[in-house]
1. For the range 76-103, what are the residues that are farther than 22 Å from residue 23 by Cα and of a type outside the set (A, V, I, L, M, F, W, C)?
2. Which residue is nearest to the chain's Cα centre (by Cα), if the candidates are limited to the range 26-39 and must be buried (at least 16 other Cβ atoms within 10 Å of the Cβ) and farther than 16 Å from residue 93 by Cβ?
3. Condition first: surrounded by fewer than 18 Cβ atoms within 10 Å (Cβ to Cβ) and closer than 15 Å to residue 117 by Cβ. Can you find one or more residues in the range 40-57 that meet it?
4. Among the residues of the range 27-69, how many are of a type in the set (Val, Ile, Thr) and in contact with a strand residue (DSSP E or B) (Cβ under 6 Å, 6 or more places away or on another chain)?
5. What do you reckon, is residue 144 within 27 Å of residue 49 (Cβ to Cβ) and surrounded by fewer than 18 Cβ atoms within 10 Å (Cβ to Cβ)?
6. Does any residue of the range 117-126 turn out to be among the hydroxyl-bearing types (Ser, Thr, Tyr) and closer than 25 Å to residue 12 by Cβ?
Amino acid sequence: MFRGVSFHTIDQKGRVIIPARFRGLIKDGGGDGIMLATMDKCLFGYTYDYWNIIEQNVLSISNKDERYRRLRRVFIGGAFDCSCDKQYRILIPPSLRDYAELEKEIVLVGVLKSFEVWSREKWDMENDKMKDDLIDEDVLKEISKLGL
């Protein structure tokens, strides 16, 4: 499982070093690379094996509903295969860098089955939102059910 937060920089070519603790998970997940997709103004990194499960799940939903066709079109159609080089860097395509507003400082966040790539600024804003969430009584009740 992907866990933990890492602070990194993205170079001028758009390359990012994958943290050492993620490398074995990526290799065990079907190869030396990841699939990157967009959501929530950040990028989601998936192993190839897990991405295949996502694609099969998306294929199983009805093609009749335009919302599901849009999901296929935007989420699946906008995903990129990012191979790791010898230094275990991935090249993030310009369209994904633009979407997530990745410039220099970035944050990689393990979220179990995948990891997220955030701009440092957006990550800090996300943390501030979490602080606000933690004063909401309904949120606190749900969190307590998790044993936290």
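The values are calculated or read from the model by the stated rules, or taken from the named source; none is laboratory data. Just so it is clear, the model here is predicted, and its values are computed rather than measured. Cβ placement follows ideal geometry from the backbone for every residue including glycine, while neighbour counts extend to all protein chains displayed.
1. Passing the criteria: 77, 78, 94, 95, 98, 99, 101, 103.
2. 26
3. yes
4. Within the range 27-69, the first condition is being of a type in the set (Val, Ile, Thr), and the residues that meet it are 34, 38, 47, 53-54, 58, 61.
Subset that is in contact with a strand residue (DSSP E or B) (Cβ under 6 Å, 6 or more places away or on another chain): 34.
Selection size over the range 27-69: 1.
5. Criteria not met by residue 144.
6. Within the range 117-126, one or more residues are among the hydroxyl-bearing types (Ser, Thr, Tyr) and closer than 25 Å to residue 12 by Cβ.
Let's see how each residue does on (1) closer than 14 Å to residue 33 by Cα; (2) touching a Ser or Thr at 6+ places or on another chain (Cβ under 6 Å):
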position	(1), (2)
60	no, no
91	yes, no
95	no, no
99	no, yes
104	no, yes
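Here is a yes/no grid of residues against (1) exposed (fewer than 15 other Cβ atoms within 10 Å of the Cβ); (2) charged (D, E, K, R); (3) within 14 Å of the chain's Cα centre (by Cα):
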site: 70; (1), (2), (3): yes, yes, no
site: 83; (1), (2), (3): yes, no, no
site: 104; (1), (2), (3): yes, yes, no
site: 108; (1), (2), (3): no, no, yes
site: 130; (1), (2), (3): yes, no, no
site: 134; (1), (2), (3): yes, no, no
site: 140; (1), (2), (3): yes, no, no
site: 148; (1), (2), (3): yes, no, no
